[in-house]
Amino acid sequence: MAGLRLEGLRKSFGQNEILKGVDLTLADGEMLVIVGASGCGKSTLLRLVAGLETPTAGRILIDGRDVTRLDPSERDIAMVFQNYALYPHMSVFENMAYGLKIRGLPKAGIRAKVDAASALLGLDALLDRKPRQLSGGQRQRVAMGRAIVRDPKLFLFDEPLSNLDAKLRVQMRGEIRRLQRRLKVTSLYVTHDQVEAMTLGDRLLVMHQGVPVQLATPTEVFERPADTYVAGFIGSPAMNLLPGTLGRNGTAVSLEGTEVGLGTRRYALPDGHGVILGIRPEHVALDPSGREWPVEVVELLGSETLIHAGRTGAATLTLRLANGAPVGEAVRVSFPPEHLHLFDRATGLRLDPA
Amino acid sequence: MERRTLFPGRLLPALLILPQLVLTFVFFLWPALQAIKSSLEREDAFGTSTEFVGLENFADLFNDPLYLAAIGRTAVFCAGVTAVSIGVALLLAVLADTEIRGRAFYRTMLIWPYAVAPAMSAVLWVLMFHPQIGLVGAFLNRIGIGWDYKLDGTQAMLLVILAAAWKQISYNFIFFLAGLQAIPKTIIEAARIDGARGFRRFRTIILPLLMPTVYFLLVVDLVYAAFDTFATVYAVNGGGPGQSTQTLVLKVYLDGIVNANIGSSSAQSVVLMVGVIVLCAIQFRFLGRKAVT
Amino acid sequence: MTGRFIPHAVLTLAVLLFALPIWIAIAGSTQDSAVIARGELSLIPDLAGLGVYRDVLLHGSAGAGPVWRALLVSAGMALVIALGKIALSLPSAYAVTFFRFPFRMTAFWLIFLTLMLPVEVRLIPTFQVMSNLDLINSFTGLTLPLVASATATLLFRQTFLAIPDELVEAARMDGAGPLRFLRDILIPVSGANIAALFVILFVYGWNQYLWPLLVATDPKLDTVVIGIVKMIGLDTATEWNKVMATAVLALIPPVAVVLLMQRWFVKGLTEGDK
């Protein structure tokens, strides 16, 4: 049984195609995080699933039922909004009960469901308060409560944590994860924050300019990014992407005259093919025999040190080092072959060895 | 500006807006069209037939020295009301915006005349300036200034300007105060650090930031003075003595309702209509866009 | 200290000048009409003369009926106009902001156009319409034509445009249809704006002069504002204390409404008109 299925979903606003075809299947109880920069179409995708927008083409199936043309209220879903969207004139209890009331549930049934949800979220003591009397985290919980009481087939989260301060965000992130695991409700979660995406999702969908570029587990997205966009987007600081050309029968890359060996890997492409070499900052190794890069900026982050090296105008390189690493005017580094990623310079796509 | 989220359906919104549209049509649009139509017609002396006369009514109007005089008089009246109400309100608002004790009290005591009907403000000012019974009027006569707005046209004009400006001061005051409070404190603090103080700070920092409010009120006050003061002027002296306070709105009423000269009154209505549209367009162009877009 | 003195002095002077006309009316109302007519009005009220309020309320004065009746007409007119405008403008603003239907903007502009058509510019034809509909000298005629309102529609539209989209979406997810949303969410959330508008419209209704002058010649339909202008128009044998007492009575309701609801009213006025 599939929790959610999207088939060829497209959306245009006038001439402007926001979503250029998404196919997706979510297993029952799975949490999928849709991540991407603003304007990538991730919110539109969520709003299509919610029924707040009508797709230009394609189908949406929830639990096997085609809901493409149904009103949001008929889809058996619940949504948590970025700005909470609590009804300001209603108490916490009324906020959570409103949807149930409209569905015509008996008073006792509503009471029981709201009580259960508020116990789960630790809102018991706040049921009579108005939203303006609550802190940001509490409001967020009420918004979740409103979704939970409905007992939906699908949860939708639209950047629910971005209005919270950093510390609370980490805490609520954990809570959402625990709740979702416990309730086992299929969930779609939209965020632009890659840390949130990595920690929350069973799988990630990375979107770029209306196109899904990679759908995979967080580990795979991190370890085997599908293209240079994903490589640069997931991971902080971002992966170093250095343009070069393939050489030595596909076993080395030449970067501005320096040759970088690819170890045991061999790529079945002609020498001189334009590539982009990717290496994460934490994988760049200090090596007295390596090439020298002049240091531009040193950032001390407390637990680690970031070095930005390179000549103005040319490629720059970021290094992530343990504190106390010897850093002078320049660093000499090498690129361990096992941590190298290779992308096609023309298409940006990941290249795999033969 | 449009909302992102809309409700589906066509019948429901049509039903919701229908009552308003019906009233608008019956009592506003239809009469306005009728006014335009009869401004182009003339009734014969017995009122039995009408004929189309084109722009003749307008030609007559603008050749009528009495009408031209009324235009000039209205201009003086509007300028007087606007200048007094904006000037005084700005002064009071600037003073009331400073950090002084009793701010809330002052505000309340300066806002209430907003609630006074234009006709009532005429009554109150008559009671003050009546040449015999008015406290001020009788006093002026006692000290030898011959005061009688029922005989002296200039005095009558002065009185209607003051009576009309009085309640508008409150209106302007409310807006100036809101405008002043909208100026970020940090800007004033920056000006203080730069050493701008007193009147200089007002002239170089506060007034320029307040200009949108000033322009807005300029138009609102002109519309008020031109149209909403019928009751004030009419209640003071009925446009007299002679025609000395007969503004354009008074003339429409007197010519149309009292003297039953439909063609001329309709033409005057149309002229006024053009006047409001021009004022609204100015407001729209420069300030009020926010209200509609 | 000198920096504080001038503002206090100017503001106090303004407050006194603003209050002077009212004070004269209050003080004068308690004094003898003949004394006032001689120009000897005192600024100190005579408490013994307070009976005049009973007199004018119950019996009126020369040229005007009992004031209670006029107050009733005024109150009825102000309430019907204020509530009527709200009842009419709220749904129409709701329709143009939350739906998309054919001729939506045309309808909106037609309503907007009424801003530019005050009674003064359509005097005679409006009178003719009223007489064709047989509404002259009726309470309906006094109120109904003033119930259409561009200002209130514009104000509500502003308010509705500022409602966050997510709130609407949350309500839709909760299963609320358009009418339910209007009743359960939109009207309660706009409560403060409705209150502010009520103040503005009540004052507007109470203060009407030209319209009642035009459509209601029957003294039974005289509003208190019409009544008092009639009273000062009679130059001979004016009972000045009664005029002043009536003036005070006519001023109390709108001034009280504005002062009691000052905060909402100021907010509604300055946020709406700009």
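Numbers below:
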quantity: Residues of region B:97-127 satisfying the condition of being crowded, with 23+ Cβ neighbours inside 10 Å and without any contact (Cβ under 8 Å) to a residue 24 or more places away in the chain; calculated: B:Ala115, B:Met120, B:Leu127
quantity: Some residue of region A:228-236 being out of contact with any His (no Cβ under 9 Å at 6 or more places or on another chain) and either acidic (Asp, Glu) or over 18 Å from A:Pro281 (Cβ atoms) (or both); calculated: no
quantity: Enumerated helices (runs of 4 or more DSSP H) restricted to region C:1-102, each holding at least 1 residues that are facing chain B (nearest Cβ under 9 Å) and of a type in the set (Lys, Arg); calculated: C:2-29
quantity: Wholly enclosed strands (runs of 3 or more DSSP E) of region A:230-274 bearing at least 1 residues farther than 15 Å from A:Phe343 by Cβ and aliphatic (A, V, I, L, M); calculated: A:252-255
quantity: Candidate set from region A:45-84 (those that are in contact with a strand residue (DSSP E or B) (Cβ under 9 Å, 6 or more places away or on another chain) and assigned to a helix (DSSP H, G or I)); member that is farthest from the other protein chains (Cβ to nearest Cβ); calculated: A:Leu45
quantity: Matching residues in region A:316-354 - criterion: being at pLDDT below 90, in contact with a Pro (Cβ under 7 Å, 6 or more places away or on another chain) and not in a strand (DSSP E or B); calculated: A:Glu329
quantity: Single residue of region A:85-119 satisfying the filter (in contact with an Asp or Glu (Cβ under 8 Å, 6 or more places away or on another chain) and touching a residue at least 40 places away in the same chain (Cβ under 8 Å)) that is farthest from the other protein chains (Cβ to nearest Cβ); calculated: A:Val92
quantity: Candidate set from region B:178-198 (those that are closer than 19 Å to B:Ala89 by Cα and modelled with pLDDT of 80 or more); member that is farthest from the chain's Cα centre (by Cα); calculated: B:Ile183
quantity: Test: B:Val76 is closer than 23 Å to B:Phe230 by Cα, in contact (Cβ under 8 Å) with a residue 12 or more places away in the chain, of a type outside the set (Gly, Ala, Ser) and within 14 Å of another protein chain (Cβ to nearest Cβ); calculated: no
quantity: Count of region C:218-264 residues which are at the interface with another protein chain (Cβ under 9 Å from one of its Cβ atoms), crowded, with 19+ Cβ neighbours inside 10 Å and not β-branched (Val, Ile, Thr); calculated: 7
quantity: Test: A:Arg178 is surrounded by fewer than 24 Cβ atoms within 10 Å (Cβ to Cβ) and within 16 Å of A:Ala50 (Cβ to Cβ); calculated: no
quantity: Some residue of region A:290-301 being in a loop (DSSP other than H, G, I, E, B) and surrounded by 13 or more Cβ atoms within 10 Å (Cβ to Cβ); calculated: no
quantity: C:Leu133 vs. criteria more than 7 Å from chain B (Cβ to nearest Cβ), of a type outside the set (D, E, K, R) and free of Cβ contacts under 8 Å to residues at least 12 places away in the same chain; calculated: yes
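The values are calculated or read from the model by the stated rules, or taken from the named source; none is laboratory data. In this text, all values refer to a predicted model and were calculated from it rather than measured experimentally. All Cβ positions, even for glycine, are placed from backbone atoms using ideal geometry, and neighbour counts span all protein chains on display.
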